[in-house]
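This report refers to the structure that appears directly beneath it.
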Amino acid sequence: MKLQLLSLFLLFSGLLTAQSVAGKVTNEFGEPVPYANILVQELGTGTTTDDEGNYVLNLSTEGNYRLIFSSLGYTSTKENIILTLEPLTLDVKLNSSDLQLQEITVSAGKKDPAYGIIRKVVERKAKHLRAADSYRTKVYVKAVEEVERHKKGKQTDEVPATGEEPMNAPDPFAQEAKERAELLGSLNFLEMEVTLNFQQPRNYKEERTAYQAYGNTRGLFVPRFGETDFNFYRNMVQLTNISDAPVISPLSSTGILSYKFKLESTDLEGDQIVYKIKVIPRKNGNSTCRGYLWINEDTYTINRLDLEFSKYPLKFFDEFRLKQEYVQHEDSLWTVGKQVFDYVAKQGKRATFRGNTTLRYSDYEHNFEFPAKFFGNEVAVTTREAYDRDSTYWATGRTVQLTEKEAKIVRIRDSIEAVVNSKAYQDSIQDRYNKVTPLELIWDGVGFRNNEKKSHLYVGSIPELIGYSVVGGWEINPYVSYNRRYENGKVLSTSGSLGYGFLNQNLTGDFSIWHRYDAFNLGEVALSGGRSFESINQNDAYLNQLKASNYILKDAFRVGHGIEVVNGMIFSVNAEISARRPITGFKTSNLFGGIIDDDEEPLDFEAYEAFITTTSLSYTPGLKYMREPDRKIRLGSKWPTFTLLHRKGWQGPLSSDINFDYLQASVSQNLRFGVLGNSNYELKAGKFINTQDLRFVDIKRFRESDPLLLSDPTNTFNALDTSLNTSNLFFEFHHIHHFNGALINNIPLLNKTRIKTVAGGGFLYLPSEKFRYQEVFVGLERVFKVGARRRLRVGTYAVLGDDNNGRANTSFKVSFDLIDLWKKDWSF
């Protein structure tokens with residue numbers, strides 16, 4: 001009883017000594033404002049009004065305080081008070097803002113203030129997008145990938161029962177060496193220092209001034225601002241090289257149709273009121289995200305965000321998440337101060353690759369004045385000095401500190417690099433590699449390396465000696481190659497082979513020399529030649545390539561040159577002198593006689609000489625690119641690629657017997673339609689303008705479609721049941737559209753299968769022959785994992801073809817396509 005009285009006395013005493021402020025919050029019409037927020041700026045705490053707008057706020061100490069009164073639909077008000085032992089009464093009037101409470105729309109008739117807040121941001125997002133006409137800022141980038149290898153079976157440490165050290169004790173440094181090796185294999189890491197330049201409306205240029213990498217960096221994600229800036233004030237956020245589909249921003253003008261919103265809390269952070277809003281997709285689709293937005297009150301700008309993207313359209317990752325933190329520079333100017341990307345790639349049960357890329361922004365310069373023509377097609381440049389920064393530079397330049405594990409990796413790899421780059425070590429490795437072993441002779445092939453000259457000589461293995469020719473049958477075909485890399489990105493590549501056919505006791509062979517003399521402008525020269533049985537239509541259906549009747553004997557010598565004369569414009573010229581002979585005097589192999597029918601006799605003609613030149617000019621306007629010290633990385637363009645081609649058969653020079661001229665023009669492009677998918681198309685037109693001596697081998701051909709397998713629909717037909725040729729005018733069109741889940745997204749359950757739809761078609765018109773062919777196809781595709789980042793796309797298609805001389809035909813095709821890890825895209 002005494003304890004209860006004491007507790008009641010202490011509680012009553014606390015209430016008597018607590019300082020309090022109370023009052024009522026009303027609007028300009030004297031009506032109470034229920035659930036208004038009252039926050040104490042100095043303490044970060046507060047209370048809310050009741051249904052009648054009344055509030056009571058108890059504080060433990062007297063003093064000066066600033067109270068912030070706010071409520072959705074009203075302009076916030078700040079009041080300074082002096083709190084003493086005497087209770088204080090403070091009534092506050094809030095004025096309505098242009099955001100009315102009746103504008104708040106939620107499902108099921110419930111009113112969630114989050115919708116009104118989001119709408120307010122949407123109304124102001126055009127202003128936020130143009131808040132800075134230009135700026136320059138420094139960005140420190142740190143990308144880390146940790147590799148978790150899952151061990152099978154139970155791992156135990158054997159300890160002697162007696163506790164005594166065994167006679168054959170292990171190396172005391174072996175465990176340390178093992179741990180060091182495991183550490184090196186478990187973490188890949190790069191860091192980079194960038195000066196980021198921006199100018200409205202969407203011009204970015206990165207100046208990469210420092211760069212260093214440790215381990216295999218292929219799985220690390222490093223954003224390119226020239227491709228996407230992850231700006232969620234935009235209606236659509238492009239996820240180039242991350243996802244097949246862009247993501248609809250929750251702050252899109254139509255975001256309310258894709259997302260539901262829920263206000264989870266209203267918090268006072270410093271002197272800023274921040275709304276925490278949960279973002280929930282209305283349906284699980286390829287182009288939505290989920291997570292949280294934090295919105296600043298009054299300015300209705302993004303304070304920070306934490307969003308996770310849908311896993312279904314991701315190209316290389318199984319999970320991908322983005323966090324952004326904004327910082328305030330002026331009253332209404334908030335810019336990104338930090339970005340964090342978290343991503344995961346799983347290799348079945350064997351390993352998990354967890355990546356984290358952090359970007360820290362500093363030294364922001366608002367409305368920076370750039371010189372004229374500073375921005376253009378070059379969106380990033382890396383200086384040669386960037387790769388030469390030492391540890392002292394990085395120790396002072398990092399704005400995100402390394403973890404203990406990362407710092408240890410840097411120290412170990414720096415020490416290893418010093419040893420690995422030493423001449424003694426390089427020579428030992430070279431000697432070990434150059435030692436010929438039985439396994440190399442039998443299977444791998446023999447290689448000889450010169451590290452100092454950066455060259456490599458390769459001689460084919462014993463199995464590679466065995467070859468097969470459709471015409472000559474089995475043959476012995478030894479192969480050798482030599483490659484060398486020079487300074488400034490120059491490359492020399494040579495190869496040669498010599499074949500002996502047993503069926504006809506004949507010799508064939510070829511050689512090639514290729515030299516890249518200008519890595520930045522793709523300047524290259526090439527020489528090649530040899531004797532071979534060559535297909536008349538080298539692009540024909542694969543079964544036709546197994547028919548001996550499709551071949552001639554050709555002795556040829558070729559020379560070519562190509563270069564990018566200006567950005568996006570590539571000029572190339574190639575010349576070939578050849579002696580063409582029929583194979584009527586050769587015995588032909590019948591290895592595939594039971595598979596294909598080849599009733600045609602080999603083409604019989606009088607041997608002749610042919611000198612042909614091919615000149616092409618290809619131009620892609622607005623081609624974006626990145627400049628490296630020794631190369632140029634082309635990123636693509638929003639414009640089509642235009643190509644002109646001229647092939648000339650010369651009569652007279654080098655005893656050439658032919659005489660023709662062929663012209664061709666083409667346009668191709670990759671178009672992106674946001675959440676609706678992307679399209680590829682190619683349009684061609686061509687004609688022989690001179691046919692004085694046009695031989696059958698040189699005529700224009702259209703390949704017969706392959707049975708069962710779908711060939712690249714962007715430049716071939718898939719229901720054409722015979723090979724066609726012409727020497728007259730032709731028009732050709734190909735198109736394919738990947739919906740990237742746009743149709744499947746709306747079908748429950750099916751949208752979880754990761755199946756995607758595709759459609760396309762083609763058209764061929766030969767005016768002189770009065771022939772017209774058209775085809776359409778539809779298909780289903782699904783991507784399968786065949787490794788941590790390797791992806792295999794399998795597709796099934798129905799193709800309908802029709803021409804004006806016959807009946808329509810339907811066929812079914814399949815395709816198998818491995819994603820290109822360098823281009824980070826599919827072949828079509």
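The values are calculated or read from the model by the stated rules, or taken from the named source; none is laboratory data. Note that the structure is a prediction, hence the values are computed from the model and not measured. Using ideal geometry, Cβ is built from the backbone for each residue, glycine included, and neighbour counts are taken over all protein chains shown.
The number of residues in the range 162-213 that are at pLDDT below 55, more than 28 Å from Arg350 (Cα to Cα) and among the charged types (D, E, K, R) comes to 3. Taking the stated definitions as given, is Ser20 over 30 Å from Ala114 (Cβ atoms) and either at pLDDT 80 or above or in a strand (DSSP E or B) (or both)? Answer is yes for this residue.
Of the residues making up the range 456-467, just one is touching a helix residue (DSSP H, G or I) at 6+ places or on another chain (Cβ under 8 Å) and either part of a helix (DSSP H, G or I) or at positive phi (or both), namely Pro463. Here Phe353 does not qualify as within 26 Å of Lys276 (Cα to Cα) and in the same structural domain as Tyr211 (by TED's automatic domain parsing). Of the residues making up the range 325-347, those that are more than 21 Å from Val222 (Cβ to Cβ), more than 23 Å from the chain's Cα centre (by Cα) and not in a loop (DSSP other than H, G, I, E, B) are Tyr326, Val327, Gln328, Trp334.
Residues in the range 362-419 that are in a helix (DSSP H, G or I) and hydroxyl-bearing (Ser, Thr, Tyr) were compared, and the one that is farthest from Ala132 (Cα to Cα) is Ser415. Filter the range 257-304 for residues that are among the acidic types (Asp, Glu) and on the phi < 0 side of the Ramachandran plot; which is surrounded by the most Cβ atoms within 10 Å (Cβ to Cβ)? Restricting to residues being among the acidic types (Asp, Glu) and on the phi < 0 side of the Ramachandran plot, the top hit is Glu297.
For the range 50-92, a tally of residues being assigned to a loop (DSSP other than H, G, I, E, B) and modelled with pLDDT of 90 or more returns 2.
Being at pLDDT 95 or above and under 16 Å from Val470 (Cβ atoms) is true of Lys554. Among the residues of the range 328-338, is there at least one that is more than 25 Å from Gly741 (Cβ to Cβ) and of a type in the set (Gly, Ala, Ser)? Yes, the range 328-338 contains a residue that is more than 25 Å from Gly741 (Cβ to Cβ) and of a type in the set (Gly, Ala, Ser). Among the residues of the range 375-399, those identified as among the β-branched types (Val, Ile, Thr) and loosely packed, with under 14 Cβ neighbours inside 10 Å are Thr392, Thr396.
Total residues in the range 50-67 satisfying the condition of being surrounded by fewer than 17 Cβ atoms within 10 Å (Cβ to Cβ) and over 54 Å from the mean Cα position of the chain (by Cα): the figure is 9.
Of the residues making up the range 780-807, those that are in contact (Cβ under 8 Å) with a residue 40 or more places away in the chain, touching a Ser or Thr at 6+ places or on another chain (Cβ under 9 Å) and assigned to a strand (DSSP E or B) are Glu781, Gly795, Tyr797, Val799, Leu800, Gly801. Taken together, Leu268, Leu305, Leu251 contain a single residue that is of a type outside the set (Val, Ile, Thr) and under 21 Å from Tyr74 (Cα atoms), which is Leu268. For the range 27-49, how many residues meet the condition of being surrounded by 15 or more Cβ atoms within 10 Å (Cβ to Cβ) and part of a loop (DSSP other than H, G, I, E, B)? Summing the residues that are surrounded by 15 or more Cβ atoms within 10 Å (Cβ to Cβ) and part of a loop (DSSP other than H, G, I, E, B) in the range 27-49 gives 4. Within the range 680-688, at least one residue is more than 29 Å from Ser811 (Cα to Cα) and outside the structural domain of Arg224 (by TED's automatic domain parsing). Looking only at residues in the range 628-670 that are within 30 Å of Glu207 (Cβ to Cβ) and among the basic types (Lys, Arg), which one is surrounded by the fewest Cβ atoms within 10 Å (Cβ to Cβ)? Only one residue tops the list, namely Lys638. Is it the case that some residue within the range 434-444 is under 30 Å from Phe198 (Cβ atoms) and surrounded by fewer than 15 Cβ atoms within 10 Å (Cβ to Cβ)? Looking through the range 434-444, none of the residues is under 30 Å from Phe198 (Cβ atoms) and surrounded by fewer than 15 Cβ atoms within 10 Å (Cβ to Cβ). The set of residues in the range 468-501 that are at pLDDT below 90 and either in a strand (DSSP E or B) or out of contact with any Asp or Glu (no Cβ under 9 Å at 6 or more places or on another chain) (or both) comprises Tyr468, Ser469, Val470, Val471, Gly472, Gly473. Picking from residues in the range 738-771 that are basic (Lys, Arg) and part of a loop (DSSP other than H, G, I, E, B), the one that is surrounded by the most Cβ atoms within 10 Å (Cβ to Cβ) is Arg754. Among the conditions (1) crowded, with 18+ Cβ neighbours inside 10 Å; (2) more than 21 Å from Val566 (Cβ to Cβ); (3) among the aromatic types (Phe, Trp, Tyr); (4) touching a Lys or Arg at 6+ places or on another chain (Cβ under 7 Å), the only one that Tyr625 does not satisfy is (2).
Elements of the type strands (runs of 3 or more DSSP E) sitting completely within the range 214-301 and holding at least 3 residues that are more than 30 Å from Gln199 (Cα to Cα) and touching a residue at least 40 places away in the same chain (Cβ under 8 Å): these cover 259-269, 272-281.
Across the range 502-560, what is the total count of residues that are buried (at least 16 other Cβ atoms within 10 Å of the Cβ), over 22 Å from Glu600 (Cβ atoms) and in contact with a helix residue (DSSP H, G or I) (Cβ under 8 Å, 6 or more places away or on another chain)? Residues flagged as buried (at least 16 other Cβ atoms within 10 Å of the Cβ), over 22 Å from Glu600 (Cβ atoms) and in contact with a helix residue (DSSP H, G or I) (Cβ under 8 Å, 6 or more places away or on another chain) within the range 502-560 amount to 2. Every condition in (1) more than 22 Å from Glu227 (Cβ to Cβ); (2) more than 28 Å from the chain's Cα centre (by Cα); (3) not charged (D, E, K, R) is met by Ser362 except one, and the failing one is (2). For the range 673-706, filtering for residues that are without any contact (Cβ under 8 Å) to a residue 60 or more places away in the chain and of a type outside the set (D, E, K, R) leaves 13.
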